[in-house]
Amino acid sequence: MTNHRVFLALTLFVGIGIVLASCDTATPAQRPTEVTINGVTYAVIGQADLEQTSDGLVVGNIGSSGNDGVRVTPELPIEVADIRTMPVELPDNGRWGMQVFGETSSGRTALATVWNQAINGAEHDIVFDFASEMNVSRMILEYYLGGELQYSVEVPSGGAGNRIANAGRGTSGPTSVHVLCVNGELIVATDYNGDAPLQGCSGELLSNVPDAPGPICADFIQARPVTEIAFPDATSLEVTARTVPQFTITDGFVGHSPNL
């Protein structure tokens, strides 16, 4: 009888231990697949994950595909968009920017793109691109500082199956991307907050600016397409990155009134 009681007590103890162990096993918290901030809903694309913090919406787990980030798909066509971030640090081979999508004869198409694309760990090129269906033969590149136009140049655009223009080379991290629809044209832009002035420039001191006699100081660079074809409705946008550890969206506006 005594042995039976000891065996029963051990069985109960082991059983309780199993229950306690299973209760102590925590299930990892699932990151959200979409987050809404100030009326703009950001949905995960690729392998990215989202975390809402006191600084803003952190977009992390970004790989090397270039397809990881967030998508915004409003109910109405996009006429104006302004996505603001903390300065994005671009490592070697890093890239960050925005593409605006709409429907063409080819289906869902990237109508307009602005990339900040690393040349090395210290410099990056600013690259604009428009869909080949839009027949953009030239672009007007405009460079602003404090809202004042500093320089403008019209450049040919072209490439293998696309329309690309390099607007210059900088060193500071970009802080926002923009799109504006005016008279059937999509204008895309990127800007810099100028927290770290370089050689007296409160924005970005850009080298390799097309046809410029020297570096151009600007905090906002935009590309206007030269084409006779009206752009179709912009129905979504994507902010994506490549080999960037993370980027943080601090604010954004996507709407139908040009108030950038």
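The values are calculated or read from the model by the stated rules, or taken from the named source; none is laboratory data. The model shown is predicted, which means the values in this text are computed figures rather than measured ones. Cβ coordinates were reconstructed from backbone atoms using ideal geometry, including for glycine residues, and neighbour counts include every protein chain displayed. Accessible surface is based on the protein model in full, side chains and every heavy atom, while ligands, DNA and RNA are left aside. Shrake-Rupley method; radii C 1.70, N 1.55, O 1.52, S 1.80 Å.
Are there GluC sites (Glu not before Pro) in segment 70-163 that DSSP marks as loop and that have at most 10 other Cβ atoms within 10 Å, and which are they? It would help to have the intermediate numbers written out before the result.
On the way: sites: GLU75, GLU79, GLU89, GLU103, GLU123, GLU133, GLU142, GLU148, GLU154; in loops: GLU75, GLU79, GLU89, GLU123.
Sparse-neighbourhood loop GluC sites (Glu not before Pro): GLU75.
Solvent-accessible area per residue in segment 41-165 equals 43 Å², computed with a 1.4 angstrom probe and all protein chains kept. The gain in end-to-end length when the GLU154 to SER65 segment is fully stretched comes to 28.8 nm, 0.36 nm per residue minus the alpha carbon separation. With a simple spin-label model that places each label point 7 Å from the Cα along the Cα-to-Cβ direction, the separation between ALA122 and VAL182 comes to 3.6 nm.
Treating r as the C-beta distance of ILE140 and SER106 and R0 as 22 Å, the FRET efficiency rounds to 0.30. Expressed as a whole percent, the accessible surface of segment 59-204 that belongs to carbon and sulfur atoms is 44, based on a 1.4 Å probe. First check a/c for segment 74-136, with a ≥ b ≥ c the square roots of the eigenvalues of its C-alpha gyration tensor; if it is under 1.5, answer rounded, and if not, answer prolate when a/b is larger than b/c or oblate otherwise. Oblate shape, in that a/c is at least 1.5 and b/c is the bigger or equal ratio.
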